[in-house]
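K.L.:
Dumping the structure here so I can ask a few things about it.
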Amino acid sequence: MAATRAPVGPITAASMKVAQIPKPGGEFQIVDREMPDPGPGHVRMKVQACGVCGSDALTKEGSWPGIQYPRVPGHEVVGVIDKLGAGVSNWKNGQRVGVGWHGGQDNTCPSSRRGDFRNCRNLKIPGISYDGGYQQYMVAPVEALVEVPESLTDAEAAPLLCAGITTYNALRHSGAMPGDVVAVLGIGGLGHLGIQFANKFGYKVVAIGRGSESAALTNPVEALQKLGGAQVILATAPSSKAMSDLFDGLGPNGKLMVIGVTFDPLEVNPVQLISGSRTIQGWAAGTPADSQDTLRFAELTGVRPMIETYPLEKAAEAYARMLSGKAEFRVVLTMWS
Ligand SMILES: [Zn+2]
C-alpha cells in the first residue's frame, strides 16, 4: 500500500514502459522503469516508433561483445525531444528527431580524427552501447540526432534510420552509375528499400528473393549474365550461401556489396575475383548526416518502407515476426498505442 510507504527522499520520478533483454539469450521483459534524465550533451526523446532490425539479435543473443544487461534494444528510433541536457543549444524541445545505428562517436580515435565517424573505433550503437528505442523515453547524445521531415510519419521514418540509410548509403557509394544493372539480393526489411532506392537512382534493377519459387525456376546467375552481368549486387539477405551462389552474376569490375549481417564465411575463390577484376565490399550504415540525406531523399522521391506495426507490449511477438522473414516488410514498434 502506498500509504504505508511514505517516501523519505524526493518524490519518485515518473515511470515509463520499456522492453528489455535481461541477459544474453534471454526473453523480452516488459517492465516499468524510472524515466531517464539526459546528461550534458544529451537529450531525452519521447519515443513514438522504433523499427525492429535483424541486428537487434546482437543484443537479444549477446553476440556483440561487452553488452551490459539488462539492455533495451532498438536503433531505428523516432520521437520528439522532451528534455535537453546541459549545454545543448542547437536542438529544442518539441523537435521531431530520430536516432539510427550511428549512436555517437568518440571524436578521438584515428578514424574520427579523419572525420570518418562511420568507422569510429568506439562507435556507440543505441540498443547495444546504451538503451535503445524499445522504450517510451530514451536518452541520446546530440551527435546521434537526425531531424525528421514533417512529411514522414513516425513509423515510416523509423526504418529509414537503419534499413533505409544502409541501403541508400551503400548504393550511392557502390560506384554504380545510372543505367547500370544492379541486383538486390533479398526482399525483406533492407531489400524492399534497396529496390526502391535503386530504382530512383536510375539503375536497371533486378530483385532476387532468397529461396523464392521464381528463383527455383530461373537461374539468377544466368539471368544477370544475360543482362551483361551486374555492376553491383546489393546483398541484403543475411545468407552467406545466397551471396556466394550469386557472385558469378557480377559483370566485369562488378562489386558484391555486403550489408546482410551473418557470421558464416562467404565462399568465393580467387579465380572468381580475378576474372573480371571483381570485388567484395562490406558496408555499415552511415553517420546521422547520411541519415538526414536518406530522409530527405525519401521525402523527395516518395520512397517509403512498407511496415507492420506492433505495440511495445508485444515486442517479443514483433521480434519473432521479424526473425520469421515473413514480415512485409519492416516490423515497427509503436510506444503509445
Ligand atoms: Zn539495423
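Bear in mind these aren't lab numbers, they're just calculated from the coordinates by the rules spelled out. What you see is a predicted model; the values in this text were computed from it and never measured. Note that each Cβ is placed from the backbone with ideal geometry, even for glycine, and that neighbours are counted across all protein chains shown.
K.L.:
Could you give me the residue pairs with C-beta distances under 6 Å whose first residue belongs to the stretch 297-323 and is farther than 20 Å from residue 21 by Cα, whose second residue is assigned to a loop (DSSP other than H, G, I, E, B) wherever it lies, and which are 6+ apart or on separate chains?
P.N.:
Qualifying pairs under 6 Å: 299/149; 299/151; 306/328; 306/329; 308/327.
K.L.:
For a quick check of your reading of the model, give me the residue pairs whose first member lies in the stretch 44-65 and is closer than 11 Å to residue 320 by Cα, whose second is surrounded by 24 or more Cβ atoms within 10 Å (Cβ to Cβ) and of a type in the set (Ser, Thr, Tyr), with beta-carbon atoms closer than 6 Å and at least 6 apart or on different chains.
P.N.:
Pairs that qualify, where the first residue is closer than 11 Å to residue 320 by Cα and the partner is surrounded by 24 or more Cβ atoms within 10 Å (Cβ to Cβ) and of a type in the set (Ser, Thr, Tyr), are 52/319.
K.L.:
Filtering the stretch 89-107 down to residues that are away from the ligand (no atom under 16 Å from the Cβ) and not in a loop (DSSP other than H, G, I, E, B), which residue is farthest from residue 284 (Cα to Cα)?
P.N.:
Checked the stretch 89-107; the qualifying residue farthest from residue 284 (Cα to Cα) is 96.
K.L.:
Right, something else. Scanning the stretch 219-255 for residues that are of a type in the set (S, T, N, Q) and assigned to a helix (DSSP H, G or I), which turns out nearest to residue 55 (Cα to Cα)?
P.N.:
If we take residues in the stretch 219-255 being of a type in the set (S, T, N, Q) and assigned to a helix (DSSP H, G or I), then 240 is nearest to residue 55 (Cα to Cα).
K.L.:
Restricting attention to the stretch 60-112, and to residues there that are among the β-branched types (Val, Ile, Thr) and more than 15 Å from residue 130 (Cα to Cα), which single residue is surrounded by the most Cβ atoms within 10 Å (Cβ to Cβ)?
P.N.:
Per the criteria, the residue is 78.
Let's see how each residue does on (1) surrounded by fewer than 21 Cβ atoms within 10 Å (Cβ to Cβ); (2) out of contact with any Leu (no Cβ under 9 Å at 6 or more places or on another chain); (3) in a loop (DSSP other than H, G, I, E, B):
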{"position": "188", "(1), (2), (3)": "no, yes, yes"}
{"position": "198", "(1), (2), (3)": "no, no, no"}
{"position": "257", "(1), (2), (3)": "no, no, no"}
{"position": "265", "(1), (2), (3)": "yes, yes, yes"}
{"position": "281", "(1), (2), (3)": "yes, no, no"}
{"position": "289", "(1), (2), (3)": "yes, yes, no"}
{"position": "294", "(1), (2), (3)": "no, no, no"}
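K.L.:
Taking the condition more than 16 Å from the ligand (Cβ to nearest atom) and either free of Cβ contacts under 8 Å to residues at least 24 places away in the same chain or under 15 Å from the mean Cα position of the chain (by Cα) (or both), does residue 275 pass?
P.N.:
Against the criterion (more than 16 Å from the ligand (Cβ to nearest atom) and either free of Cβ contacts under 8 Å to residues at least 24 places away in the same chain or under 15 Å from the mean Cα position of the chain (by Cα) (or both)), residue 275 qualifies.
K.L.:
When the residues of the stretch 52-88 are filtered to those that are over 12 Å from residue 20 (Cα atoms) and of a type in the set (Ser, Thr, Tyr), which remaining residue is farthest from the ligand (Cβ to nearest atom)?
P.N.:
Residues of the stretch 52-88 over 12 Å from residue 20 (Cα atoms): 52-55, 57-58, 61-67, 75-88.
Now restrict to residues that are of a type in the set (Ser, Thr, Tyr): 55, 63.
Working: 55: 4, 63: 14 Å.
So the residue we want is 63.
K.L.:
Residue 44: part of a strand (DSSP E or B), within 24 Å of residue 94 (Cβ to Cβ) and out of contact with any Ser or Thr (no Cβ under 8 Å at 6 or more places or on another chain), yes or no?
P.N.:
For residue 44, the condition - part of a strand (DSSP E or B), within 24 Å of residue 94 (Cβ to Cβ) and out of contact with any Ser or Thr (no Cβ under 8 Å at 6 or more places or on another chain) - is met.
K.L.:
Only one of (1) charged (D, E, K, R); (2) within 22 Å of residue 24 (Cα to Cα); (3) out of contact with any helix residue (DSSP H, G or I) (no Cβ under 8 Å at 6 or more places or on another chain); (4) surrounded by fewer than 21 Cβ atoms within 10 Å (Cβ to Cβ) is not met by residue 131, so which one is it?
P.N.:
(4)
K.L.:
When only residues in the stretch 158-180 that are among the hydrophobic types (A, V, I, L, M, F, W, C) and within 14 Å of the ligand (Cβ to nearest atom) count, which is surrounded by the most Cβ atoms within 10 Å (Cβ to Cβ)?
P.N.:
Within the stretch 158-180, the first condition is being among the hydrophobic types (A, V, I, L, M, F, W, C), and the residues that meet it are 158, 160-163, 165, 170-171, 176-177.
Going one step further and asking which of them are within 14 Å of the ligand (Cβ to nearest atom), we end up with 158, 160-163, 165, 170.
Details: 158: 37, 160: 31, 161: 30, 162: 32, 163: 31, 165: 29, 170: 25.
Ranking the candidates gives 158 first.
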